[in-house]
Amino acid sequence: MFRLRSGPAIVAFVCASFGVLTAQSGPHELRAREIFKQLVEINTTEANGSTTRAAEAMAERFRAAGFPAADIHVFGPSPRKGNLVVRYRGTGARRPLLLLAHLDVVEARREDWSFDPFTLTEKDGYLYGRGTADDKTMAAAFVANLLRLKSEGYMPARDLILALTADEEGGTENGVKWLLANHRDLIDAEFAINEGGGGVMRKGRYVTNEVQAAEKVYQDFRLEVRNSGGHSSLPEKDNAIYRLSAGLSRLAAFEFPVQLNDITRAYFSRSAPAQAEAQTRSDMLAVAKQPPDLEAAARLSTNSPYFNSLLRTTCVATRLEGGHALNALPQLAAANVNCRIFPGVSPIEVMAVLTKVVSDAEIRISPVGEATPSKPATLRDDLMNAVETIVKSMFPGVPVVPVMSTGATDGLYLRNAGIPTYGADGLFDDIDDVRAHGRDERVGIKQFNEDLEFHYRLITALSK
Ligand SMILES: [Zn+2]
């Protein structure tokens, strides 16, 4: 997954920041680039890749750097779905910090791309390749920084645990779930850093740095009407397609009530100043108040699908099926309704609402699969302060903003298991040109180097 958000009407009042790094790459950048190249060039797709090969390649680097074999594990439920867990031992004064990144990538076909997606290609200040934006920059930054810290003789006040995992993108053998079920002791931590946050850039300008602490919950429902059918020359008033359509029309007109939590309240209040329009700025501040200004919420929801999704549970019809012949009355009409549930609301409550809204006992509603609930993490002062300090020195003037993802990452499994997980990242990418999961995925070389430095500072700040 990747950050699912868009920045409607966000204008950078912040000038492009070039931080502390020069265009010259130093030894740390060069080593990180080598690691990155190796990761990108190992195909880790579901179809014919192997996260085990990538995990092994990284394990080899840790062994070579002198990490004890007992602290390096490559394992998983099947030969192609390996995960890497490495422990960097600290003094033990505090509980461990978990650094999570996924190794697997979305499929990429050579014919769709301008370059070979599995060859790291440098062009015009960018590095192209599948996984560059999601999530191999983060994986490379974690690996390179742990190796750097080791070479510097750094002794953290807590163990640093690195987990590079399989099947975040939708395979059936999710690495985080598997690790929690089988090796919880090896990844148990006070909290975790994961993908899902990071820098928002627009037209080369740095707008915000987001810290993700909550995710909406994914749940599909099937709505189904069955009729006895018959010859279409003899229509009856009771028609499965009409019934379903009428129910869906009632759903289309319905909106779930406005909801906020600490994360979204902080998101609206902190990112308000970065908005281009005065009305949006004041609406964001008004909606962040307790109780929220509902008129402001309505304006924000109308103007932006993203704000709307942050402010409530959403359910939308995504697929339809029905009928079996051009000249027969339909025996079946069915729709899939995809819900993105506000954290803390149960799928059963949502189903009850759908039933009431659709308001027709002939429309049977059932959940498709079982939702994985996702508890928001509480914003931690140590993490927020560290990110703010780092962002202030590397990207002066860029606000740090807590966010709730409208999509989902593996962070939800950790949060549900009691390991608060935060998307925190120093990688800035262009909000209007998101290529993760798409063609010609890329990362800016300058941004790659900045991300490396960001994580170096973050890891040390959180483990001093
Ligand atoms: Zn991802």
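FYI, it's all coordinate maths here, none of it is from the lab. Since the model is a prediction, treat every value here as computed from it, not as a measurement. Cβ: placed from backbone, ideal geometry, glycine included. Neighbour counts: every protein chain shown.
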query: So between N327 and L379, what do we pick up on full extension, going 0.36 nm a residue minus the alpha carbon distance?
result: 12.8 nm
query: How much mean residue ellipticity at 222 nm does the chain get from its helices, if each DSSP H run of length 4 or more adds -39500 (n - 2.57) and you divide by all residues, to the nearest 500 deg cm²/dmol?
result: -10500 deg cm²/dmol
field: Debye, to nearest 20: dipole size of the chain, +1 on Lys, Arg Cβ, -1 on Asp, Glu Cβ
entry: 640
In sequence order, calculated HN-Hα J values of the stretch 277-290 (Karplus, 6.51, -1.76, 1.60; Hz; x Gly/Pro): 9, 4, 4, 5, 4, 6, 5, 5, 5, 5, 6, 7, 6, 10
query: Over the chain, what is the mean sequence separation of C-alpha contacts under 8 Å (at least six apart), divided by residue count, expressed as relative contact order in percent?
result: 26
- prompt: How many angstrom lie between the C-alpha centres of the stretch 235-254 and the stretch 28-87?
  reply: 53
- line: Listed by chain and number, the lysines with an alpha carbon less than 21 angstrom from that of K237, same-chain partners under 8 positions apart left out, are none
query: Relative to the first principal axis of the alpha-carbon coordinates of the chain, what is the inclination of helix 294-303, with its axis defined by its Cα atoms, in degrees from 0 to 90 and to the nearest 10?
result: 80
task: For the stretch 358-464, state which GluC sites (Glu not before Pro) are in a DSSP loop and have at most 13 other beta carbons lying within 10 Å of their beta carbon.
output: E370
field: Among 81-87, 107-113, the order from most to least packed when residues are scored by Cβ within 10 Å on average
entry: 81-87, 107-113
field: For the stretch 356-371 versus the stretch 399-452, the gap between their alpha-carbon centres in whole angstrom
entry: 34
task: Considering the options A317, I365, H437, tell which one lies farthest towards the positive end of the dipole of the stretch 314-464, charges being +1 on Lys and Arg and -1 on Asp and Glu at the Cβ, about the Cα centre.
output: I365
- prompt: Roughly how many nanometres apart are two label points built 7 Å out from the Cα toward the Cβ at T460 and S232?
  reply: 7.2
Separation between Cα centres of the stretch 151-221 and the stretch 287-324, rounded to whole Å: 27
- prompt: What's the angle, to the nearest 10 degrees (0 to 90), between helix 136-151's Cα axis and the longest principal axis of the chain?
  reply: 30
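When the convex hull of the Cα atoms of the chain is projected onto a plane and the area is averaged over all directions, what value comes out in nm²?
Result: 24.1 nm².
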task: Quick one: pull the percentage of alpha-carbon pairs in the stretch 268-393 with a separation above 23 Å.
output: 56
message: Can you work out the Karplus-derived ³J(HN,Hα) for every residue in the stretch 439-453? Use 6.51 cos²θ - 1.76 cosθ + 1.60 with θ = phi - 60°, whole Hz, and x for glycine or proline.
response: 8, 6, 4, 7, 9, x, 5, 4, 5, 4, 5, 5, 5, 4, 5
task: For the stretch 316-323, just list the computed ³J(HN,Hα) in residue order, Karplus coefficients 6.51, -1.76 and 1.60, θ = phi - 60°, integers in Hz, with x standing in for Gly and Pro.
output: 9, 5, 10, 8, 9, 9, x, x
- request: For each pair in K37/K216; K37/K177; K136/K464; K136/K203; K289/K392; K203/K464, compute the distance between the two Cα atoms and list the pairs where it is over 31 Å.
  value: K37/K216; K203/K464
- prompt: Among 297-306, 165-174, 132-141, how do they line up from the highest to the lowest mean number of other beta-carbon atoms within 10 Å?
  reply: 132-141, 165-174, 297-306
message: If amide hydrogens are placed 1.01 Å from N in the peptide plane, which non-local residues have theirs closer than 5 Å to the one on A189?
response: none
task: With +1 on each Lys and Arg Cβ and -1 on each Asp and Glu Cβ, and nothing else charged, work out how big the dipole of the stretch 225-340 is about its Cα centre, in Debye to the nearest 20.
output: 160
- request: For the stretch 384-464, would you read off the P(r) tail past 23 Å as a percentage of all alpha carbon pairs?
  value: 32
